[in-house]
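Right, one structure below, let's go through it.
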Amino acid sequence: MTRTPCLLYLISPLDVGGDFPDRLTEALDAGPVAAFQFRVKGLEQHETARLAEPLQAICAARDVAFIVNDDVALAKRLNADGVHLGQGDGDPRDARRELGANAQIGVTCHASRHMAMEAGEAGADYVAFGAFFSTTTKTVEHHADPEILEWWQGMFELPCVAIGGITVENARELVDAGADFLAVSGGVWAHPDGPAAAVQAFNALLKDQPAG
């Protein structure tokens, strides 16, 4: 079975106000990005939608999928490209009914093979494993080993996403293990040389993949 090359999947910082639209533009213009996940917490939906709309437009102009974290109702309100569900955020089947056949639905599966198989059976479009490394983006309760990516690739065709503390320096083993997407937040937004340099560095690494 021929593997498709691993691609970059950006996750927003929690603060997407201020100059963040400019930073997102800079990142997306620096090289290929498959998707952008909008992840904010603790705001009411009207304010969240107000913050999301300019970012969604930036993604749409560059053919980057705009995925809403955790919130099916917000994804529907925005007519987003999809939603990413944590284990407590509802069933992929219900999300599919709400968002339609073309929505991209991802599910967090931590380090659980069982959760991942259940998500696939429920119609998810991708499963996400992690955290693989320490991260300051969120409290890490589940640590995954790259071996789970190898297992998944050997058993299933559904794409898998690696998440959690991924940087240019540590990403190679996840790519080699079989990640279809690298979900990156701090590794881009907190990069010392800025988000454009980070995206360029990730894409240089992702271009250096063996064929097949």
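Computed from the coordinates by the stated procedures, all read-outs in this text should not be read as laboratory data. Fair warning: this is a prediction, and the values are worked out from it, not measured in the lab. Glycine gets a Cβ as well: all are built from the backbone with ideal geometry, and neighbour counts include every protein chain shown.
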Estimated dipole of the chain in Debye, rounded to 20 [Cβ of Lys and Arg +1, of Asp and Glu -1, Cα centre]: 240 debye
Through the Karplus equation 6.51 cos²θ - 1.76 cosθ + 1.60, θ set to phi - 60°, convert the phi angles of the range 60-72 into ³J(HN,Hα) values in whole Hz; use x for Gly and Pro. 4, 5, 10, 6, 9, 4, 9, 10, 8, 7, 6, 10, 5
Shape of the range 128-212 from its Cα gyration tensor (a ≥ b ≥ c, root eigenvalues): rounded if a/c is under 1.5, otherwise prolate when a/b > b/c, or oblate? oblate
The extension gain from ASP15 to ASP176, computed as 0.36 nm times the residue separation minus the Cα-Cα distance, is 54.8 nm
³J(HN,Hα) computed for each position of the range 86-92 - Karplus, 6.51 cos²θ - 1.76 cosθ + 1.60, integer Hz, glycine/proline x: x, 5, x, 9, x, 8, x
List every residue whose amide H lies under 5 Å from the amide H of ILE67, counting only residues 5 or more places away in sequence or on a different chain, with H placed 1.01 Å from N in the peptide plane. PHE36, GLN37, PHE38
Charge sum, other residues only, whose C-beta stays under 10 Å from PHE132's C-beta, Lys/Arg counted +1 and Asp/Glu -1: -2
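Kindly identify the range 48-128 as rounded, prolate or oblate by the Cα gyration tensor criterion: order the square roots of the eigenvalues as a ≥ b ≥ c, call it rounded if a/c is under 1.5, otherwise compare a/b with b/c, prolate if a/b is larger, else oblate. Let's see the in-between values first.
Values: a/c = 2.05, a/b = 1.90, b/c = 1.07.
Prolate, because a/c is 1.5 or more and a/b exceeds b/c.
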Need one number: nm distance between label points at GLU26 and GLU169, each 7 Å from Cα along Cα→Cβ, rounded to one decimal. 2.1 nm
First measure r as the distance between the Cβ atoms of GLU98 and ASP208, then evaluate 1/(1 + (r/R0)^6) with R0 = 41 Å and state the FRET efficiency to the nearest 0.05. 0.55
